[in-house]
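Okay, structure first, notes after.
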Amino acid sequence: MPNYKQLFLFFILLLLPINNSFAQTNKISQIDSLMKWSNQIGVFNGNVLVSKNNKIIYNASFGFTDATKTKKLTPDYRFHIGSITKEFSAVALMQLQEQGKLNIEDHVSKYIPELPKWANEVTIKNLLQYTSGIPDVNWKKIKNDKDLFDGLKLVDSLDFKPGTHYDYTINNLFLRQFIIERLTGVGFKTYVEKFIFKPCKMTSSVMTLFENEKNIAKAFDNNLVADKEELPITGGTYLTTKDLLKWEDCLHSNKIISANSVFELGQHFDLPDTQSALGQAKYRNRKLIEHVHDGRAGRYEALLVSDLDQKFTIILLGNNYNGRLFEISDAITAILKNEKYSLPQKNNP
């Protein structure tokens, strides 16, 4: 007599891939409906990518390349990622520490001795955790990188004793870049292209300054007014959703820095809502399990959400800021987890 239990098990195993495939198709359909809705109500103009189990399951574009609304976006378009760019200088500093060329406990004065006395108090770690006390950039006097450096030399006092408070000022970022340049003898842009973009195979990524690049999405507001031209300052990064995914994979797989360095970069000042050099990072036994970082530059907006336990990554890049990316990513997360979710709502007039 046939073994009915074995036959039953055989058919169950046969049906499992079909059921899993159907479930994933349903999730992709829900994500697509969510993104179409978000675009139709005017809260998302940009590109979206969703990866699950190391495979891209959704990669789409919604809306237009610029304020003229004459050309549709495609996945090849690149967007400014705002504060997510700060991860590159942070990783570069950890690379140099791993090579024995610096220690993040070193004071800034060790590498740039011509800065005022406050540089004897501020460590590289303070710059990474935004606890330096260095005042913010005086943008009225800034036209280029030299102006930024000269501005740092004119800072006569800190806003607070380093390590005692938190202030997310962008001078922390620029000083990190200047230290990398001083220590390596090459421009920050050149360093990142060679030691970050190239090993991570981020072939579509470009960092300012650049000219005549194609497939650059231009930011605009809801009145169809284009952003002003960006200042000629080093560091702003434009990339595709696929290249941002490559960056995540490169960082999480410890290809360019060690797991210990990734753990160090995720540490932040001990107060709620303070950011680390990686934005929001969660760990279990010193191993990264969640990575969330958002960015904004003018009307560009960017959001990266990675859950390493659930093995998914959500990337949203836009050129028409509406401040709804977290709502959209929360809904996508719920879809991936088979949970209830809410659709984003129209902006108030």
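Descriptive notes on the structure:
- Whichever residue in the stretch 263-297 is of a type in the set (Val, Ile, Thr) and without any contact (Cβ under 8 Å) to a residue 60 or more places away in the chain and, among such residues, is farthest from residue 318 (Cα to Cα): 289
- Scope the stretch 170-195; condition crowded, with 16+ Cβ neighbours inside 10 Å and either assigned to a loop (DSSP other than H, G, I, E, B) or among the basic types (Lys, Arg) (or both); matching residues: 170, 176, 187, 189
- All conditions in (1) within 30 Å of residue 224 (Cβ to Cβ); (2) assigned to a helix (DSSP H, G or I); (3) open to solvent by less than 20 Å² (accessible area, probe 1.4 Å) hold for residue 79, with the sole exception of (2).
- Here residue 61 meets each of (1) assigned to a loop (DSSP other than H, G, I, E, B); (2) surrounded by 14 or more Cβ atoms within 10 Å (Cβ to Cβ) with one exception, condition (1).
- Residue selected from the stretch 206-224 under the condition open to solvent by 50 Å² or more (accessible area, probe 1.4 Å) and in contact (Cβ under 8 Å) with a residue 40 or more places away in the chain, by the criterion farthest from the chain's Cα centre (by Cα): 224
- Residue 284 fulfils the conditions (1) over 30 Å from residue 63 (Cβ atoms); (2) touching a Gly at 6+ places or on another chain (Cβ under 9 Å) except for a single criterion, (2).
- The stretch 69-94 residues that are among the acidic types (Asp, Glu), paired with ones that are at pLDDT 95 or above and not in a helix (DSSP H, G or I) (beta carbon under 8 Å, 6 or more apart): 76/204; 76/215; 76/240; 87/277; 87/278; 87/279; 87/293
- Strands (runs of 3 or more DSSP E) lying entirely in the stretch 225-305 (those with 3 or more residues that are open to solvent by 20 Å² or more (accessible area, probe 1.4 Å)): 280-284, 287-297
- Unmet requirement for residue 82, which otherwise passes all of (1) on the phi > 0 side of the Ramachandran plot; (2) out of contact with any Gly (no Cβ under 9 Å at 6 or more places or on another chain); (3) not hydroxyl-bearing (Ser, Thr, Tyr): (2)
- Failed condition for residue 160, given (1) under 23 Å from the mean Cα position of the chain (by Cα); (2) open to solvent by less than 60 Å² (accessible area, probe 1.4 Å); (3) more than 24 Å from residue 255 (Cα to Cα); (4) not β-branched (Val, Ile, Thr): (1)
- Among the residues of the stretch 86-131, the one identified as within 26 Å of the chain's Cα centre (by Cα), assigned to a helix (DSSP H, G or I) and surrounded by fewer than 16 Cβ atoms within 10 Å (Cβ to Cβ) is 98.
- Test for residue 328: is it touching a residue at least 60 places away in the same chain (Cβ under 8 Å), touching a Pro at 6+ places or on another chain (Cβ under 7 Å) and in a helix (DSSP H, G or I): yes
- Check on residue 134, farther than 19 Å from residue 181 by Cα, open to solvent by less than 10 Å² (accessible area, probe 1.4 Å) and assigned to a helix (DSSP H, G or I): no
- Residues (polar (S, T, N, Q) and open to solvent by less than 60 Å² (accessible area, probe 1.4 Å)) located in the stretch 23-44: 30, 38, 39
- The stretch 306-329 - residue that is among the charged types (D, E, K, R) and surrounded by 15 or more Cβ atoms within 10 Å (Cβ to Cβ) and, of those, farthest from residue 39 (Cα to Cα): 307
- For residue 97, the requirement of being modelled with pLDDT of 95 or more and out of contact with any strand residue (DSSP E or B) (no Cβ under 9 Å at 6 or more places or on another chain) is met.
The values are calculated or read from the model by the stated rules, or taken from the named source; none is laboratory data. Owing to the predicted nature of the structure, the values given are computational and were not obtained by experimental measurement. When we count neighbours, we look across all protein chains shown, and the Cβ atoms used for this are built from the backbone with ideal geometry, even at glycine. All accessible areas refer to the heavy atoms of the entire protein, side chains included, with ligands and DNA or RNA removed. Shrake-Rupley method; radii C 1.70, N 1.55, O 1.52, S 1.80 Å.
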